[in-house]
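Since the structure comes first, as structure tokens, the remarks are kept for the end.
The values are calculated or read from the model by the stated rules, or taken from the named source; none is laboratory data. In this text, all values refer to a predicted model and were calculated from it rather than measured experimentally. So basically every Cβ, Gly included, is an ideal-geometry build from the backbone, and we count neighbours across all protein chains shown.
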Amino acid sequence: MTQFGEYLATKELQRLAQKPTDLSKDGTLNTKRLTQMSAKNLGLTLFYGTERVSENVMHHLNLLAEEAHVLDKMRAMQRGSVVNSLEGSPNEGKKVLHTATRDFFDPQSEENPTKQEAANAYQEFEKLKHFLEVVDKQGFHSLIQIGIGGSELGPASLYFALQAFQKPNRVVHFISNIDPDHAAHVLSLVDLNKTIVVVVSKSGNTLETRMNEMLVRKRFADLGLSPQHHLVAVTQKGSPMDQPEQYKEVFYLWDYVGGRYSSSSMVGCVPLAFALGMEKVLEFLRGMNAMDKAALEPDLHKNLPLLSALLNIWNRNFLHYPTCAIIPYSYALSHLPAHLQQCEMESNGKRVDKTGKLVDFETAPIIWGGVGTDGQHSFYQLLHQGTIVAPVEFIGFKESEYGQDLADEKGVTLQEKLLANLFAHSLALATGYHHDQLNQSFPGNRPSRILLAHQCTPYTVGMILAYFEHKTIFQGFIWNINSFDQEGVELGKKLSKRIIEQFRKKNLGKEYEKEFPLSDPYIKALECLNGPATPPRKTRMCWSDPGRE
């Protein structure tokens with residue numbers, strides 16, 4: 001198995017990276033370059049002329065993708081091969097088929113290896129359709145989704161992205177954090193008598209989710225309401241939550257759908273269908289399915305996720321930029337950067353390759369971001385004049401989502417001014433500006449790219465989400481790391497359980513364990529928690545406070 005540093009293209013790209021394109025040099029950014037360095041497919045355009053690449057660099061990046069057989073690996077993944085694997089690790093060895101959750105539109109041939117997985121997804125959608133009919137008849141108008149990580153970040157980003165299409169008298173809230181104030185705040189916003197609560201945990205054992213479920217169940221009971229009439233489960237068959245008698249409905253996940261890639265399963269589709277209706281959800285899934293197919297295109301200028309992945313590889317491994325900012329010039333996508341943080345950093349924040357060996361190169365950059373133009377009045381100072389260079393992925397739309405715009409006295413609309421800001425900053429990052437006063441001088445030569453779509457619709461949002469999913473996976477294929485496990489989140493969970501046990505003993509009046517296997521600072525912290533204390537203050541819970549009802 002060839003490793004990243006052993007590819008012939010890697011060696012040539014390392015040589016080319018010694019003298020990368022200088023975007024700030026006069027004449028570099030011309031019409032020809034900006035026209036040639038753009039790629040179009042499915043109504044999306046990726047402008048990358050403001051990246052520090054040449055045609056020769058792009059040629060060798062394409063060769064790198066060929067040497068790494070990324071299209072074969074993507075095809076194998078979508079056809080159900082075991083790609084979630086790591087030599088010597090007994091925990092994985094699974095298929096990765098989130099794409100099957102949106103692949104039931106075309107007739108399924110008998111030879112299709114994922115026919116059964118697509119049928120599973122379709123069966124859940126039929127169940128969801130019937131469930132919504134019941135919900136409509138019973139007059140529910142609010143939904144709270146309880147889940148954390150992929151059970152909240154993806155669904156929340158989609159819900160907020162598509163609020164313009166929301167049905168009348170429908171609202172969705174999310175509870176993810178184990179912080180009791182989070183749940184208290186959300187519960188204060190709704191009439192529980194008219195609220196559905198969707199509890200999402202693939203394993204059925206997620207600490208934050210189960211504790212918040214207990215809290216919500218108590219709130220329903222205190223109000224004299226039956227939790228079983230309001231609670232819905234989304235979980236894997238056979239999990240501790242797979243108890244139909246305890247829930248109004250149970251929707252199923254499968255082992256081959258990872259949490260951060262689960263937005264097209266019932267994890268994302270139950271709240272979206274409640275808010276938007278089934279028709280809009282199906283449009284969203286069609287968009288994702290279209291991008292799934294585009295990710296198999298051999299032509300790099302039609303395979304936008306692969307093209308973007310290769311640009312990320314260039315910035316990370318050859319120019320050694322440590323971060324990447326995701327900046328949508330769209331209020332609708334304001335929650336997307338948080339989801340993409342998980343998608344990329346949990347997938348590719350790895351230091352061990354698939355052979356079980358430590359890598360000797362950089363993997364995932366730190367993903368961060370925010371919405372434009374707000375960021376222009378916040379962190380753009382660092383982007384333009386800071387001492388580090390942070391590549392930027394801009395996202396924009398030609399038309400506004402709501403279609404409620406305003407033109408100034410010269411006929412320029414707000415959406416046009418928004419786009420003007422987007423393109424201006426991309427160009428300014430690249431070219432810079434030289435002034436006699438250093439504090440007014442901008443060095444430029446700072447890379448960015450723009451993903452431009454026509455309008456923020458369910459179909460387009462589906463395409464954009466799948467674009468980022470596949471971009472992440474392509475990078476993992478090139479680095480030969482497993483983008484589908486998340487061992488890095490487990491250690492803190494294990495230690496927190498041991499500390500929770502100390503709290504339990506303290507609350508029962510027992511002494512904590514002196515041999516608690518943590519360093520001295522943690523021991524001292526526990527001593528403070530377990531030492532002499534003032535009489536406990538009575539906590540007023542929101543569900544027992546008549547003034548809050």
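Just a few scattered comments:
- So Thr431, is it surrounded by 16 or more Cβ atoms within 10 Å (Cβ to Cβ), out of contact with any His (no Cβ under 9 Å at 6 or more places or on another chain), modelled with pLDDT of 95 or more and among the polar types (S, T, N, Q): yes
- Check on Pro322, touching a Phe, Trp or Tyr at 6+ places or on another chain (Cβ under 6 Å), under 27 Å from Pro20 (Cα atoms) and touching a residue at least 24 places away in the same chain (Cβ under 8 Å): no
- Within region 126-165, tally of residues that are farther than 13 Å from Cys269 by Cβ and charged (D, E, K, R): 4
- Residue satisfying all of: in region 40-99; charged (D, E, K, R) and part of a helix (DSSP H, G or I); surrounded by the fewest Cβ atoms within 10 Å (Cβ to Cβ) among these: Glu55
- Any chance Pro107 is closer than 29 Å to Lys73 by Cβ, in contact with a Lys or Arg (Cβ under 9 Å, 6 or more places away or on another chain), surrounded by fewer than 19 Cβ atoms within 10 Å (Cβ to Cβ) and modelled with pLDDT under 95: no
- One residue alone among Phe284, Phe251 is in contact with a helix residue (DSSP H, G or I) (Cβ under 6 Å, 6 or more places away or on another chain), crowded, with 24+ Cβ neighbours inside 10 Å, under 28 Å from Gln236 (Cβ atoms) and not charged (D, E, K, R), and that residue is Phe284.
- Filter pass, Lys137 being in contact with a Leu (Cβ under 8 Å, 6 or more places away or on another chain), surrounded by fewer than 21 Cβ atoms within 10 Å (Cβ to Cβ), among the charged types (D, E, K, R) and modelled with pLDDT of 95 or more: no
- As for region 440-463, it holds no residue that is closer than 19 Å to Pro322 by Cα, surrounded by 13 or more Cβ atoms within 10 Å (Cβ to Cβ) and of a type in the set (A, V, I, L, M, F, W, C).
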